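Everything on this sheet refers to the single structure shown next.
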Amino acid sequence: MTGEQQEVLMAEQPFTDDEYAFLRQIRFGELPPAVRPEDRVALTETDPGRDRPEESEDPVRWNVQG
């Protein structure tokens, strides 16, 4: 085999953390600055979850089986 016919097979090596960071920067751009702790607010739920029907309603009506 001549030098032109020979192929050097290289195993793919995983990216390093720095390379992944570079690729993220290229794809998504710069991240906005983090929110400072004094600017954060507490989460306030305004409406209770509605995963169950009201007790006054007919439970058979809610028993949907497909």
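Some notes on this structure:
- Scan of the range 32-66 for residues that are part of a helix (DSSP H, G or I) and at pLDDT below 70, ordered by number: Pro59, Val60, Arg61, Trp62
- Filtering the range 15-31 to residues that are loosely packed, with under 10 Cβ neighbours inside 10 Å, at pLDDT 85 or above and in a loop (DSSP other than H, G, I, E, B) leaves Thr16, Gly29, Glu30.
The values are calculated or read from the model by the stated rules, or taken from the named source; none is laboratory data. Keep in mind the model is a prediction, meaning the values are calculated, not measured. Neighbour counts run over all protein chains shown; Cβ positions are idealised from the backbone, glycine included.
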